[in-house]
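Enquirer: Before anything else, here's the structure in question.
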Amino acid sequence: MFVPLHDGVPLRFMRAPYVTYALISACIGIHLAIWILHEPPGEIAVMAGFGLIPSVFFGTAQLPIEILQAPAWLTLFSNVLLHASFAHLVGNMLFLWVFGDNVEDAMGHFRFLAFFFLCGLAGSLAHAVMNPESEQPLIGASGAISGVIASYLMLYPQVRIWGLAFKWIPLHIPAMYALGAWILFQFMSAFVDPQGNVGWWAHLGGLATGAALTPIFIHRGVGLFGRAARG
């Protein structure tokens, strides 16, 4: 629906967003390693073993013993670093590249890292709770990145973002409109297509958690909704 390309917001508190760079590098590196080292069906086995399968997480189903698999609790986090395709990876990494640096700048490196995985955890749990019998693995950083999007929207609602709508229409509009429309689309999709191939509830879980944690995680010198910080 909307692909961000650039926002132009300078960093205020740090030299470089090292955690954002590290997360992008990890996701790309893991995807390339799986693609190079595991031909199908090996690639599918990795997704099943380290993605979040709700029925396996809740103990109502089991994977074949020959599949290398992470403990069920660990898949709440490991799924965040996996992606189904290069298109899936590129789409998520573009959002993280454009918005992650400024959110990390507003929080600091370590708090942003915790924020990212807490949003991913919340997204994973939301998906599992809403689809408890699903045998389909949830993979992708979308839940965590949804939290980043919620935070960015709370921090920089008036910033104008360059992006593409519907894959080819160039736009330069305030974040409140671009990201607001994206969030509305997530809510609509979750209720219209709850059992679809996209983890809509993971997106919503990440969004809600990102919005809740942002006021707690940001520096004291950072204001919300474009306002100057107090004190």
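Enquirer: Could you check region 106-123 and list, in sequence order, the residues that are open to solvent by less than 20 Å² (accessible area, probe 1.4 Å) and touching a helix residue (DSSP H, G or I) at 6+ places or on another chain (Cβ under 6 Å)? Break it down stepwise before answering.
Expert: Just the residues of region 106-123 that are open to solvent by less than 20 Å² (accessible area, probe 1.4 Å), to begin with: 106-108, 112, 115-116, 119-120, 123.
Within region 106-123, 106, 107, 112, 115, 116, 119, 120, 123 meet the criteria.
Enquirer: Tally up the residues in region 195-209 that are assigned to a loop (DSSP other than H, G, I, E, B) and aliphatic (A, V, I, L, M), please. Spell out how you get there, then give the answer.
Expert: In the first step, residues of region 195-209 are kept if they are assigned to a loop (DSSP other than H, G, I, E, B); the result is 195-199.
Then drop every residue that is not aliphatic (A, V, I, L, M), which leaves 198.
Of the residues in region 195-209, 1 are assigned to a loop (DSSP other than H, G, I, E, B) and aliphatic (A, V, I, L, M).
Enquirer: So, in region 35-46, how many residues would count as being acidic (Asp, Glu) and either under 21 Å from the mean Cα position of the chain (by Cα) or modelled with pLDDT of 95 or more (or both)?
Expert: 0
Enquirer: Determine which member of the set 49, 29 is among the small types (Gly, Ala, Ser), in contact with a Leu (Cβ under 6 Å, 6 or more places away or on another chain) and at pLDDT 90 or above.
Expert: Working: 29 fails: in contact with a Leu (Cβ under 6 Å, 6 or more places away or on another chain).
49 is the lone residue from the list that is among the small types (Gly, Ala, Ser), in contact with a Leu (Cβ under 6 Å, 6 or more places away or on another chain) and at pLDDT 90 or above.
Enquirer: When residue 77 is evaluated against the numbered criteria (1) over 18 Å from residue 210 (Cβ atoms); (2) without any contact (Cβ under 8 Å) to a residue 60 or more places away in the chain; (3) open to solvent by 10 Å² or more (accessible area, probe 1.4 Å), which criterion, by number, is the only one it fails?
Expert: That leaves (1) as the condition not met.
Enquirer: Out of everything in region 10-34 that is surrounded by 18 or more Cβ atoms within 10 Å (Cβ to Cβ) and farther than 20 Å from residue 139 by Cα, what residue ends up being farthest from the chain's Cα centre (by Cα)?
Expert: Going through the qualifying residues, I end up with 17.
Enquirer: Being out of contact with any helix residue (DSSP H, G or I) (no Cβ under 7 Å at 6 or more places or on another chain), modelled with pLDDT of 90 or more and open to solvent by less than 30 Å² (accessible area, probe 1.4 Å) is true for just one of 174, 170. Which residue is that?
Expert: Details: 170 fails: open to solvent by less than 30 Å² (accessible area, probe 1.4 Å).
Exactly one of 174, 170 is out of contact with any helix residue (DSSP H, G or I) (no Cβ under 7 Å at 6 or more places or on another chain), modelled with pLDDT of 90 or more and open to solvent by less than 30 Å² (accessible area, probe 1.4 Å), namely 174.
Enquirer: Tell me yes or no: at least one residue of region 85-102 is open to solvent by 60 Å² or more (accessible area, probe 1.4 Å) and over 22 Å from residue 16 (Cα atoms).
Expert: Looking only at region 85-102, we keep the residues that are open to solvent by 60 Å² or more (accessible area, probe 1.4 Å), and these are 86-87, 90, 97.
Those still in the list that are over 22 Å from residue 16 (Cα atoms) too: 86-87.
Within region 85-102, one or more residues are open to solvent by 60 Å² or more (accessible area, probe 1.4 Å) and over 22 Å from residue 16 (Cα atoms).
Enquirer: For the structure I just gave you, tell me whether residue 126 is at pLDDT below 90, among the hydrophobic types (A, V, I, L, M, F, W, C) and open to solvent by less than 40 Å² (accessible area, probe 1.4 Å).
Expert: Working: at pLDDT below 90: no; among the hydrophobic types (A, V, I, L, M, F, W, C): yes; open to solvent by less than 40 Å² (accessible area, probe 1.4 Å): yes.
Taking the combined requirement at face value, the residue does not satisfy it.
Enquirer: For residue 9, state whether it is more than 28 Å from residue 134 (Cβ to Cβ), at pLDDT below 95 and of a type in the set (A, V, I, L, M). Can you show your working first?
Expert: On the way: more than 28 Å from residue 134 (Cβ to Cβ): yes; at pLDDT below 95: yes; of a type in the set (A, V, I, L, M): yes.
Judged against the criteria, residue 9 is a match.
Enquirer: Going by the structure shown, is residue 63 at pLDDT below 95, touching a helix residue (DSSP H, G or I) at 6+ places or on another chain (Cβ under 8 Å) and open to solvent by 30 Å² or more (accessible area, probe 1.4 Å)? Quick ask: steps written out before the conclusion?
Expert: Values: at pLDDT below 95: yes; touching a helix residue (DSSP H, G or I) at 6+ places or on another chain (Cβ under 8 Å): yes; open to solvent by 30 Å² or more (accessible area, probe 1.4 Å): yes.
Spelling it out, residue 63 is indeed at pLDDT below 95, touching a helix residue (DSSP H, G or I) at 6+ places or on another chain (Cβ under 8 Å) and open to solvent by 30 Å² or more (accessible area, probe 1.4 Å).
Enquirer: Now for a separate question. The conditions are (1) over 12 Å from the mean Cα position of the chain (by Cα); (2) free of Cβ contacts under 8 Å to residues at least 60 places away in the same chain; (3) open to solvent by less than 60 Å² (accessible area, probe 1.4 Å), and residue 163 fails exactly one of them. Which is it?
Expert: Only one criterion in (1) over 12 Å from the mean Cα position of the chain (by Cα); (2) free of Cβ contacts under 8 Å to residues at least 60 places away in the same chain; (3) open to solvent by less than 60 Å² (accessible area, probe 1.4 Å) is unmet by residue 163, namely (2).
Enquirer: Restricted to region 198-228, and to residues that are in contact (Cβ under 8 Å) with a residue 60 or more places away in the chain and in contact with a Pro (Cβ under 8 Å, 6 or more places away or on another chain), which residue is most open to solvent (accessible area, probe 1.4 Å)?
Expert: Across region 198-228, the extreme among qualifying residues is 225.
Enquirer: Give just the number: which of (1) at pLDDT 95 or above; (2) more than 15 Å from the chain's Cα centre (by Cα) does residue 208 not satisfy?
Expert: The number of the failed condition is (2).
Enquirer: So, one more: Working carefully through the options 99, 86, 95, find the one that is over 24 Å from residue 193 (Cα atoms), aromatic (Phe, Trp, Tyr) and touching a residue at least 40 places away in the same chain (Cβ under 8 Å). Explain how you work it out, then say what you get.
Expert: Working: 86 fails: over 24 Å from residue 193 (Cα atoms); 95 fails: over 24 Å from residue 193 (Cα atoms).
Going through 99, 86, 95 in turn, just one is over 24 Å from residue 193 (Cα atoms), aromatic (Phe, Trp, Tyr) and touching a residue at least 40 places away in the same chain (Cβ under 8 Å): 99.
The values are calculated or read from the model by the stated rules, or taken from the named source; none is laboratory data. Just so you know, these numbers come straight off a predicted model, no measurement behind them. Ideal geometry is used to build each Cβ from the backbone, glycine not excepted, and the neighbour counts take in all protein chains shown. Calculation scope for accessible area: heavy atoms of the full protein, side chains included, ligands and nucleic acids excluded. Shrake-Rupley method; radii C 1.70, N 1.55, O 1.52, S 1.80 Å.
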